[in-house]
Structures are given as C-alpha cells and as structure tokens.
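Below you'll find the structure, written out as structure tokens, and then a few comments.
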Amino acid sequence: MSSDLFAKANNQKGRILAIDYGAKRTGIAVTDEMQMIASGLTTLATAELLGWLKNYFEKEKVERVLIGDPKQMNGEPSQSAPLINAFVNKFKISFPEVSIEGVDERFTSKMAFHTMINSGLKKKQRQNKALIDEISATIMLQDYLSRKNNL
C-alpha cells in the first residue's frame, strides 16, 4: 500500500450509529464510513442491545452514537425518558470511548409509517413494528446528517 493510500485510510471517519430505543425493541441505523448516507441496519430485542453493540464496535469503527431523546410536544421529557437515561448511563460505562448524543425523535414513528405507505408496502408489512423502529432510527440519523452538513 502506498503511503498516500495509507494516510487516507487512517484519516477515514468512523460511522455514526442511531438508536431508536424502546422498552421491548430497538431500531438501529448507521452511516457509511464517509457519513453521507443513513441506512437502516436492524431491529433487535432491547435486552440484547449492549451485547450487540459490543460485537458491532469490535468490527466497525463508530465515531458517534445518536439516541432518540423522547420529548413531549411542549419540550418536556416523555414518560420513556428515565428508561433511555438509564440505558445512556450503562452505555457510557460500557463504551467510554464512544461519544453518545441525544437527538429529538418526535414524529419519527409517524414519519416512518408514512414512508412505508409511500414506498408501497402492503398493510400487513406496515404493521411490522420492528421495521417502523428501524426506519425511525434511519430518519433520526438522516435528519442529523442533514443538519450537520448544513452548518
């Protein structure tokens, strides 16, 4: 490998991972290495999340993790905020080298459902809550990328 290619490889950014955290299921989306495109990755049982993240971080360079920050319409924390805050604390202990940032997740589930309708998914497919969680995480991540790139 030429030294120029080696330098480019070492300057490569890490991925950004987005988490739509739920009591039962968690949707996950991720960017490419250049942090340009958000893609749905998976939905998994929330109880498996920390172990899944450990395995993922061993395989992929992740620069930042975004987690949905649930707020009510008036900006106050929602009922699920304590659950998410507890996860964030566990995350910081388990992965102190990975930055985690809360992002507004209001309307992402509704937007995910409309995305499913607009993409032509049949009613039975639109009832797949795991898919809604994954699309919600993707919407959060794409919104973050759009705001970051417009700064």
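3J(HN,Hα) along region 38-54, derived from phi through the Karplus expression 6.51 cos²θ - 1.76 cosθ + 1.60 where θ = phi - 60°, amounts to 9, 9, x, 10, 5, 10, 9, 5, 4, 4, 8, 4, 4, x, 5, 4, 4 Hz, with x in place of Gly and Pro. Taking amide hydrogens as placed 1.01 Å from N in the peptide plane, the amide H of Val103 sits under 5 Å from those of Ile67, Gly68, Asp69, each at least 5 positions away in sequence or on another chain. Legend: distances between Cα atoms for Lys13/Lys92; Lys61/Lys92; Lys13/Lys59; pairs beyond 19 Å are Lys13/Lys92.
Between Glu33 and any residue 5 or more places off or on another chain, the built amide H atoms are never under 5 Å apart. Under 12 Å from a label point set 7 Å out along the Cα-to-Cβ vector of Lys61, the amide N atoms of region 33-51 belong to 33-35. In order along region 87-103, phi translates into HN-Hα couplings of 5, 4, 5, 5, 4, 4, 6, 6, 9, x, 7, 9, 6, 10, 9, x, 10 Hz, rounded to whole numbers, per the Karplus curve 6.51 cos²θ - 1.76 cosθ + 1.60 with θ = phi - 60° and x for Gly and Pro.
Apply 1/(1 + (r/R0)^6) to the Cβ-Cβ distance of Lys129 and Ser99, taking R0 = 35 Å, and write down the FRET efficiency to the nearest 0.05. Write out the running numbers ahead of the final one.
Numbers: r = 29 Å, r/R0 = 0.82.
Computed FRET efficiency for Lys129 and Ser99: 0.75.
Every number in this text was worked out from the coordinates using simple rules, so none of it is lab data. This one's a predicted model, so the numbers in the text were calculated from it and none came from an experiment. Glycine also receives a Cβ, built like all others from the backbone with ideal geometry; neighbour counts cover every protein chain displayed.
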